[in-house]
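Engineer: The following block contains the structure, expressed as structure tokens.
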Amino acid sequence: MKYLTFATATLAATAISTTAWAETPELVVYTYDSFVSDWGPGPKIEEAFEATCGCDLKLMGVADGAALLARLKLEGARSDADVVMGLDTSLIAAAKETGLFAETPVDAEYDLPVEWNDPVFAPYDWGYFAFVHNKDLTPPADFKALGKSDLKIVIQDPRSSTPGLGLLMWVKAAYGDEAPAIWDAMADNVVTVTKGWSEAYGLFLEGEADMVLSYTTSPAYHLIAEEDDSKAAAAFDEGHYMQIEVVGKLAGSDQPALAEQFLNFMVSDAAQTVLPTTNWMYPAVTPSAGLPAGFETLTVPEKALLIPADEVPANREEALAEWLKALSQ
Amino acid sequence: MLKLEDVLITQGDFRMQADFTLEVGRKYAVIGPSGAGKSTLLGALCGFVPLAAGRMYWEERDISNAAPNARPMTMLFQDNNLFPHLSVLQNVGLGLRPDLRLTAQERETVENALSRVDLSNFATAKPGTLSGGQQSRVALARVLVQARPLVLLDEPFAALGPALRNEMLDVVRDTVAQTGAAMVMVTHAPEDVRRIADEVIFVEGGRAHAPRPAAALMDDPPPELRAYLG
Amino acid sequence: MAQGAVAIDRTAINSKTGISAALFVLALILLALGAVISRAEVGAGLGPSDWAAVRFTVLQAACSAVVSVFLAIPVARALARRRFIGRAALVTLLGAPFILPVIVAVLGLLAVFGRSGWLNAALEAVGLPTVSIYGFHGVVLAHVFFNMPLATRLLLQGWQTVPSERLRLVAQLRLTPRAIFRAVELPMLAQVVPGALALVFVICLTSFAVALTLGGGPRATTIELAIYQAFRFDFDLGRAAVLSVVQLVLAGSMALIALWLVPVVRVGGGLDRVMPRWDARSGLQLVMDGCVIALAALFLLVPLAAVIWRGLLGLPQMPAEVYAAAGTSISIAVTSILVLLVLALPMAGWIAGRKGGAVETIGLLGLSASPLMIGTGWFIVINPIADPFDFTLLVTILVNAMMALPFALRILVPPMRDAVAQYERLSAILGISGWRLWRVVLLPRLRAQIGFAAGLTGALSMGDLGVIALFADPEQATLPLQMVRLMGAYRMDAAAGAALVLLALSLGIFWICDKGGRWRAEA
């Protein structure tokens, strides 16, 4: 009998502690690495959301958007994650194909250059890809001018980096079947192709190239954080390809209500005011206070380009083959 | 006593037979031409070279297959008798405790042994700082603390000069006298035989001959030994 | 022959632990590979671009090896026959590039050879055309920077083995430098060069991810990048597995060949000994040697100086997180060292007790396995049982230890053989066996080599950015990862500061282990 009493007591104690633990539910969000770093949006987002949700927000960083999806596929339905944040428009089709995501109602008036009506993913920030240069350089007006010039550029490998893939889509969206000719002309401008964005941007800052593939918002970092107005983004006449970063709820989440709350939080004023000066992208919903000072100086493209998410996979395969052919000669 | 019964030692093409008995307290010299198998004989006694046939007994106990340190003997090699990274005290202490954890009493035994070979002041020195003769005496101090009834020496003083070698032979003689052990020493110097040995084991032609009294043998050697001695 | 149970077997090192360690390493790699294959869809084959990657990988490794070794010949020759102030320091510094974190070294190389680097600035100033570091030659340049010093050290060992009697003889015969080269140095080189070539070749075959930044485009795609792409973007586990096998087989078979050729990596001691030479006293020879040494020193030291200079400027801007990351990196490096020693020592003991060295190949597999493949494979294995995030550090540590294993074995096995040969009988007669044999005899005898291997492992682990990049937990960022994050947040100056800390820690841990191993170690 003694043992039985003991066992009951232990069980009861366990039950109590489980309840106590369950009182502060945990929301696990997978995101990319730079989001969670101490100088990224992570700490502020966590503080703001935890102030309202009565929960413990756990942001887990995984390299980048592409690795994020790979990791999710590895974990499958067993994943601990409730929310995935940081996939972009190029990856949405592949992400949906996994069947791991659930539709979530998100209430927001988006300030995006394109209409957004995806039932699964909610956009939280976005930007235009652009070639960033020093202001003392007169940039080319489009890809054709770039190809004819002897300017040196650094780009990212589309096989390992999302901006690299973005450039591929950009040229494809602007020129369609003419894309191979554009790449042929640009091949001798490419100094080198890096594995990721950091390496490319680092090379540019070291003076290894005249221009680097980045975002129209990159100069805002130098202006606001470093009070350096020497950088600018070249405006291309073809228009600029967009990257929209999205957040989605996993079907296997054990905190569906909380996950939904988080998605709605990400498009709310509280989160949107944090993003521009920490993630250095445009907010998906312009906050009530407007954009931070400095953003008004940024290049605003005349035309926004975007290949619909479901057409990305087929385009990617074709564009990658063309790119490999042009740059391997 | 150590008894070798129809022992056969083979190594590749090399074969050697031995069938004799060694008595406690006696000093034996092993002599013979180069390559006749003097060192191999010691290796077999000590357990480094397996017996191809025959048995070996120590006081009625069969030790044919015993591990080297489970035999009633110890051995000094031609070189590498000391660990250069250990102090003199530790090297001697290994004779008592292979894990180097000496009790106070064992430590005293070691220090006594060192003083008997006149090395009391060198307990903490590393072998590399000692002269060749001193290094030999450290090894002998270890033989002392091991106190095995049989001491095998495989030309351990070959690298020393004549005077120093004679001195070491005297130390060896005193050492084994103190422990009452039997001694088997490989040598190629007839004067060593006269200086130290009671009996001689002559190794030649695939056979380790039974011990014969040293003085008589050296004064009137049989033809094969005469050929070797020249 | 019943009693032929050779007594010597009982005294030698117990091989069971060594075999277990080898099996553990083998299992670590094969289980990961098996896990990846188990999740792969059928029908994966290698496309033409994959074969191009294989070709490029082999070609650049071959070129890097040839250039590194042949440039090392005059440097080693000059160092072997000259004595000057700072020679010992220079020989020590020759060990630095090899243990330098790649990400740091590339920064240094760019500062010197980059488009707006010092070299091009100088060329421009005197009106000469500038040179580009990007492309095939950039990859080779980076590899030469890493491996030429290593090759120089290997060749210098060769020069040290030339008997001084022979040098006295040629001095008496008054041979010309050319005749001396043919009579004395060429035969020595014929013995040492093939091994050095093979070693550099294998290193470049597997450590190429380093030079990708300098490759210039898809022409410079290596197998490792193809694996990376298959895992991360395509999530094509089948192709990733096939590529991993190709890399294992290619590097493994090359490593096996190299094993018969590779010279023993000796501890630095002795290399600072200058052999008296009576030849090469003419003015021309002196000037030539001086130039060669000066050029080699510049090639080596200027990029290092650039890293230090940029880092000092960035140091004040470095956020406190970098120090936390440095702490994580140090503990990873120290644990990697411990794991390495636990694996390498028993394996070395086992190998030393055998006649052939074929089992060393198992160690070399660790070098040729893709860290990404191992990481992903173990993720698949762990995921059904536990949260793989919790095992990131463990897998990182194991991979680090495995990468260093082949070098550690090369360093440990020969002195282990010597120690066994010299003290086997003495230990047997004294009854020192098993763990006691390690404690009393082997570990103290191999102290210098253990320190050297530990230092190498620590430095390599410190700079590693393999598995951790994909599966890292934000709270346990390592220093290289933190450096990449800083770059990702546009904070390049702070990243340069972090690079300097990384450089200091890598060289520091190597120095401490190496010195610790040799401190008061008797000859």
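Engineer: Ranking A:ASP150, A:ASP310 by Cβ neighbours within 10 Å, fewest first, what do you get?
Structural biologist: By the 10 Å Cβ count, ascending: A:ASP150, A:ASP310.
Engineer: Fewest Cβ neighbours within 10 Å first, please rank A:CYS55, C:CYS291, C:CYS204, B:CYS46 accordingly.
Structural biologist: C:CYS291, A:CYS55, B:CYS46, C:CYS204
Engineer: Quick one: 3J(HN,Hα) in Hz for the stretch A:308-320, Karplus 6.51/-1.76/1.60 with θ = phi - 60°, rounded, Gly and Pro as x.
Structural biologist: Karplus values, whole Hz, x for Gly and Pro: x, 3, 6, 9, 4, x, 5, 4, 4, 4, 5, 5, 5.
Engineer: Still on this structure: Among DSSP beta bridges whose residues both lie in chain B, state the antiparallel percentage, nearest 5.
Structural biologist: If we restrict to bridges inside chain B, about 50 percent are antiparallel.
Engineer: Mind checking which of A:MET281, C:TRP511, C:LEU205 is farthest towards the positive end of the protein assembly as shown's charge dipole, using Cβ charges of +1 (Lys, Arg) and -1 (Asp, Glu) about the Cα centre?
Structural biologist: Farthest towards the positive pole: C:TRP511.
Engineer: Something else now. From the Cα gyration tensor of the protein assembly as shown, with a ≥ b ≥ c the square roots of its eigenvalues, which class applies: rounded if a/c is under 1.5, or else prolate if a/b is larger than b/c, or else oblate?
Structural biologist: Because a/c hits 1.5 or more and a/b exceeds b/c, the protein assembly as shown counts as prolate.
Engineer: When you look at the Cβ of every residue in A:153-161, what mean number of other chain Cβ atoms sits within 10 Å?
Structural biologist: So the per-residue partner count for this stretch is 4.
Engineer: Sort B:28-34, B:128-134 for me by packing, meaning the mean count of neighbouring Cβ atoms within 10 Å per residue, highest on top.
Structural biologist: B:28-34, B:128-134
Engineer: Could you identify which residue out of B:ALA104, B:ALA181, B:ALA125 has the top mean-square fluctuation in a GNM of chain B using Cα springs shorter than 10 Å?
Structural biologist: B:ALA104
Engineer: Go through B:186-193, A:288-295 and give me the packing order, highest mean Cβ count within 10 Å leading.
Structural biologist: Ranked by mean Cβ neighbours within 10 Å, highest first: B:186-193, A:288-295.
Engineer: While we're looking at this one, here's another question. Where a Cα-Cα gap under 15 Å defines reach, which aspartates and glutamates qualify for B:LYS126, not counting those fewer than 8 residues away within the same chain?
Structural biologist: Hits, sequence-local ones excluded: C:GLU522.
Engineer: Using alpha-carbon pairs under 8 Å, 6+ residues apart, how would you state the relative contact order of the stretch C:44-314 in percent?
Structural biologist: 36
Engineer: Related question: Take the residue pairs B:LYS3/B:LYS38; A:LYS58/A:LYS172; A:LYS96/A:LYS152 and return only those whose Cα atoms are more than 29 Å apart.
Structural biologist: A:LYS58/A:LYS172; A:LYS96/A:LYS152
Engineer: Here's a follow-up. Nearest 5 is fine: what % of DSSP beta bridges in the protein assembly as shown come out antiparallel, could you say?
Structural biologist: Antiparallel bridges: around 55 percent, rounded to the nearest 5.
Engineer: Mind listing the phi-derived Karplus ³J(HN,Hα) values for the stretch A:144-154, rounded to whole Hz, using 6.51, -1.76 and 1.60 with θ = phi - 60°, and x for any glycine or proline?
Structural biologist: The phi angles translate into 5, 5, 4, x, 7, 6, 10, 5, 9, 10, 10 Hz.
Engineer: Rounded if a/c is under 1.5, else prolate if a/b is larger than b/c, else oblate: which is chain C, with a ≥ b ≥ c the root eigenvalues of its Cα gyration tensor?
Structural biologist: Taking the square roots of the gyration eigenvalues as a ≥ b ≥ c, chain C is oblate.
Engineer: Could you list which residues have their amide H under 5 Å from that of B:ALA53, counting only those 5 or more apart in sequence or on another chain, with H placed in the peptide plane?
Structural biologist: Amide H neighbours of B:ALA53: B:LEU8.
Engineer: Relative contact order for chain C using alpha-carbon pairs under 8 Å, separation at least 6, rounded to a whole percent?
Structural biologist: 26 percent.
Engineer: Could you derive backbone 3J(HN,Hα) for the stretch B:86-100 from the dihedral phi with the Karplus parameters 6.51, -1.76 and 1.60 (θ = phi - 60°), listing whole Hz in sequence and x where the residue is Gly or Pro?
Structural biologist: Per residue, the Karplus-derived 3J(HN,Hα) values read 9, 6, 4, 4, 5, 4, 6, x, 4, x, 9, 10, x, 9, 6 Hz.
Engineer: When you look at the Cβ of every residue in B:76-82, what mean number of other chain Cβ atoms sits within 10 Å?
Structural biologist: For this peptide, the per-residue mean of nearby foreign Cβ atoms is 3.
Engineer: Residues of C:479-490, mean number of Cβ from any other protein chain within 10 Å of their own Cβ, rounded to a whole number?
Structural biologist: For peptide C:479-490, the averaged partner shielding equals 6.
Engineer: For A:LYS231, give me every one of the aspartates and glutamates with a C-alpha distance below 14 angstrom, ignoring sequence neighbours fewer than eight places off in its own chain.
Structural biologist: A:ASP136, A:GLU206, A:ASP210
Engineer: So what is the diffusion coefficient of chain B in µm² per second by Stokes-Einstein at 25 °C and 0.890 mPa s, using a Kirkwood Rh over Cα pairs?
Structural biologist: The estimated diffusion coefficient comes to 135 µm²/s.
Engineer: Residues with beta-carbon under 9 Å from that of A:VAL28, excluding A:VAL28: net charge, scoring Lys, Arg +1 and Asp, Glu -1?
Structural biologist: -2
Engineer: Using packing as a proxy for protection, rank C:454-460, C:292-298 so that the peptide with the highest average count of other Cβ atoms within 10 Å comes first.
Structural biologist: Ranking the peptides C:454-460, C:292-298 by packing returns C:454-460, C:292-298.
Engineer: Also, quick follow-up: Percent relative contact order of the stretch B:78-147, based on C-alpha pairs within less than 8 angstrom and at least six residues apart?
Structural biologist: Reported as a whole number, the value is 46 percent.
Engineer: A follow-up question, please. From the mean inverse distance of alpha carbon pairs (Kirkwood) and the Cα radius of gyration, derive Rg over Rh for chain A.
Structural biologist: Over the Cα atoms of chain A, Rg/Rh equals 1.05.
Engineer: Which residues' amide hydrogens lie under 5 Å from the amide hydrogen of A:SER37, considering only partners 5 or more residues apart or on another chain, with H built in the peptide plane?
Structural biologist: It is A:GLY42, by chain and number.
Since every read-out is calculated from the coordinates, none of them should be taken as a lab result. All figures in this text were calculated on a predicted structure; none of them were measured in a lab. As a convention, Cβ positions derive from the backbone with ideal geometry for all residues, glycine included, and neighbour counts pool all protein chains shown.
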